[in-house]
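This structure is in structure tokens; I'll ask about it shortly.
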Amino acid sequence: MVTSPAGESDAHVLYTTYTGMIRTAGGLPVVVTPGATDEVDTLLDRLDGLVLSGGGDIDPALFGGNTHRSVYEVDPLRDEFELAMMRGAAERRLPTLAICRGMQVANVAFGGTLFEDIHEHLPEALEHWSDGPAATAPQHRVEVDADSTTATALGKDAVEVNTIHHQALRQVAVEFRVTGRSPDGVIESIEPADAAWPMWAVQWHPEYLGADDDPSLSLFRALIAAATG
């Protein structure tokens, strides 16, 4: 909701950190708003690449999960639309970058599950939720499989990342393989088992780390290169 001259109104919100990184990496961003799933094929046929952004939580009912007091900003329309977009992107092998919620959408789209709340299910885990200035600063390390396309896209097999999530991947869909974890074992990156699909999914927010962070910019450049190649 936002305040307008007419009062409180619903709004589509996407932070300029996403569009800024796409432009810096050499791409032209187009913002797509959630709609009916029968629009997905038409949209994907017109796109060279796809970024699924962060945001509120996926409805736990969509992965056989349970309601939890920490679950927030569930949007059924967005859930249905983004799950369809992810499945359509996989069918087309459309270059895709899935960030935070986006990685969770990718997993759920193919039958994977989530921890509804990290602290509830993994009490020994690191603090994975941060806000304020900490949201744009590295908070912990992620070790990445050196033989993965994720490491190639990042240009490194170990990165320092920010962290702004209270949920995490639980059971990983068979369509994906885990490529990165934080020191506490929480899954931080996945990529397709299908090597022909240029797709990367990360739990952190490279768009917040910005263009001055080499691995973050490298990740967006990998997406643009795959989309324009």
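The values are calculated or read from the model by the stated rules, or taken from the named source; none is laboratory data. As the structure is a prediction and not an experimental result, all values here were calculated from the model. Methodologically, a virtual Cβ is constructed for each residue, glycine included, from the backbone with ideal geometry; neighbour enumeration extends over all protein chains shown.
In this structure, does M103 turn out to be touching a residue at least 40 places away in the same chain (Cβ under 8 Å) and either under 24 Å from T17 (Cα atoms) or basic (K, R) (or both)?
yes
So is D57 surrounded by 10 or more Cβ atoms within 10 Å (Cβ to Cβ), at pLDDT below 95 and closer than 26 Å to S216 by Cα or not?
yes
Which of the numbered conditions does H12 fail, given that it passes all the others? Conditions: (1) surrounded by 13 or more Cβ atoms within 10 Å (Cβ to Cβ); (2) under 27 Å from I224 (Cβ atoms).
Tallying (1) surrounded by 13 or more Cβ atoms within 10 Å (Cβ to Cβ); (2) under 27 Å from I224 (Cβ atoms), H12 fails exactly one: (1).
Scan the stretch 83-120 for residues that are farther than 16 Å from H205 by Cα and in a loop (DSSP other than H, G, I, E, B) and jot them down.
R93, L94, P95, F110, G111, G112, T113, E116, D117
Let me ask another. Looking only at the stretch 87-98, count every residue that is crowded, with 24+ Cβ neighbours inside 10 Å and either acidic (D, E) or under 8 Å from the mean Cα position of the chain (by Cα) (or both) and tell me the total.
The qualifying residues number 2.
Within the stretch 30-38, is even one residue buried (at least 16 other Cβ atoms within 10 Å of the Cβ), touching a residue at least 40 places away in the same chain (Cβ under 8 Å), in a helix (DSSP H, G or I) and not β-branched (V, I, T)?
Checked against the condition, which is being buried (at least 16 other Cβ atoms within 10 Å of the Cβ), touching a residue at least 40 places away in the same chain (Cβ under 8 Å), in a helix (DSSP H, G or I) and not β-branched (V, I, T), the stretch 30-38 yields no hits at all.
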